[in-house]
Amino acid sequence: MSQFRIAPSILSADFARLGDEVRNVIAAGADVIHFDVMDNHYVPNLTMGPMFCQAIRPHTTAPIDVHLMVKPVDNLAAAFAKAGADIITFHPEASDHIDRTLGLIKDAGCKAGLVLNPATPLSFLDHVMDKLDMVLLMSVNPGFGGQKFIPQTLAKVRAVRQRIDEYTAQHGGEIWLEVDGGIKVDNIAEVAAAGADTFVAGSAIYGQPDYKAVIDAMRAELARVQRA
């Protein structure tokens, strides 16, 4: 796999200086800004709405990757597309019509994807691969930052990587495989070796005083996987 992407989650950033935090983490070598949206319904927490996305959009040209942990999905997906999101993912359990929601996101000019929780079956991918630009696998149960990586996720990563490779080999295109939850320097290589190409890290980056040092260490681990 020739390209790996690191996507710091601003859920762990200092909200009092969010523009600085976005600029600083990109300057430190990150590729994508990951944006966690929680509604206190689908998950037991409440975070950021479209106005936050609109506020940080002028601070970076990097892709903004919006993960919707909300129910219902469609209205907020449209609002985030208007606010400047580049990628919007949602949980299939939160949509009444998964294919329609994916189409709505893509019609709004964004890339679209599904998010699978640790116990969510892969069968949700079966009939919508043609509309997917990303599959996001949760390696923790969604709702809070700072949780520990669930090791059983590695088998799921391998299974989704096989599905993506088989689909793109036959039909072309590109589908990112992102993993979110408990990613850190110590385990990023193992997750990459299983097949992930995009890595969400919140407290592992924003919880450290030197963002560049952490991202550089992650890159070194990923480079080791590329040489293997």
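The values are calculated or read from the model by the stated rules, or taken from the named source; none is laboratory data. Nothing here was measured: the structure is a model prediction, and the numbers come from that model. Here the Cβ positions follow ideal geometry from the backbone for every residue, glycine too, while neighbour counts run over all protein chains shown. Areas reflect the complete protein model, heavy atoms only, side chains present, ligands, DNA and RNA absent. Shrake-Rupley method; radii C 1.70, N 1.55, O 1.52, S 1.80 Å.
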Residues satisfying the stated conditions in segment 189-211, i.e. over 27 Å from residue 89 (Cα atoms) and either open to solvent by less than 70 Å² (accessible area, probe 1.4 Å) or among the charged types (D, E, K, R) (or both)
210
Looking across segment 31-61 at residues that are assigned to a loop (DSSP other than H, G, I, E, B), under 16 Å from residue 7 (Cβ atoms) and open to solvent by less than 10 Å² (accessible area, probe 1.4 Å), the single one that is modelled with the highest pLDDT is 32
Would you please list the contacts, defined by Cβ atoms under 7 Å and residues six or more apart or on different chains, that run from a residue in segment 10-22 that is modelled with pLDDT of 95 or more to a residue that is open to solvent by 50 Å² or more (accessible area, probe 1.4 Å) and of a type in the set (D, E, K, R)?
21/14
Within segment 1-53, residues of a type in the set (Phe, Trp, Tyr) and in contact with a strand residue (DSSP E or B) (Cβ under 9 Å, 6 or more places away or on another chain) come out as 4, 35, 42, 52
In segment 1-18, which residue that is surrounded by fewer than 13 Cβ atoms within 10 Å (Cβ to Cβ) and not charged (D, E, K, R) is farthest from residue 77 (Cα to Cα)?
2
In this structure, is residue 82 open to solvent by 30 Å² or more (accessible area, probe 1.4 Å), assigned to a helix (DSSP H, G or I) and over 21 Å from residue 198 (Cβ atoms)?
yes
Exception for residue 203 within (1) under 20 Å from residue 141 (Cα atoms); (2) modelled with pLDDT of 95 or more falls at (2)
Hey, can you tell me all the residues within segment 85-108 that are more than 12 Å from residue 67 (Cβ to Cβ), part of a helix (DSSP H, G or I) and of a type outside the set (Lys, Arg)?
92, 93, 98, 99, 101, 102, 103, 104, 105, 107
When you check residue 71 against the structure, is it in contact with a Phe, Trp or Tyr (Cβ under 6 Å, 6 or more places away or on another chain), of a type in the set (Lys, Arg) and surrounded by fewer than 17 Cβ atoms within 10 Å (Cβ to Cβ), yes or no?
yes
Please indicate, with yes or no, whether at least one residue in segment 90-103 is open to solvent by 30 Å² or more (accessible area, probe 1.4 Å), hydrophobic (A, V, I, L, M, F, W, C) and in contact with an Asp or Glu (Cβ under 7 Å, 6 or more places away or on another chain).
no
Could you say which residue among 186, 180 is acidic (Asp, Glu), under 17 Å from residue 4 (Cβ atoms) and open to solvent by less than 60 Å² (accessible area, probe 1.4 Å)?
180
Restricting attention to segment 115-156, and to residues there that are among the basic types (Lys, Arg) and either at pLDDT 95 or above or in contact with a Lys or Arg (Cβ under 9 Å, 6 or more places away or on another chain) (or both), which single residue is surrounded by the most Cβ atoms within 10 Å (Cβ to Cβ)?
156
Selection status of residue 107, open to solvent by 40 Å² or more (accessible area, probe 1.4 Å), in contact with a Pro (Cβ under 9 Å, 6 or more places away or on another chain) and not β-branched (Val, Ile, Thr):
no
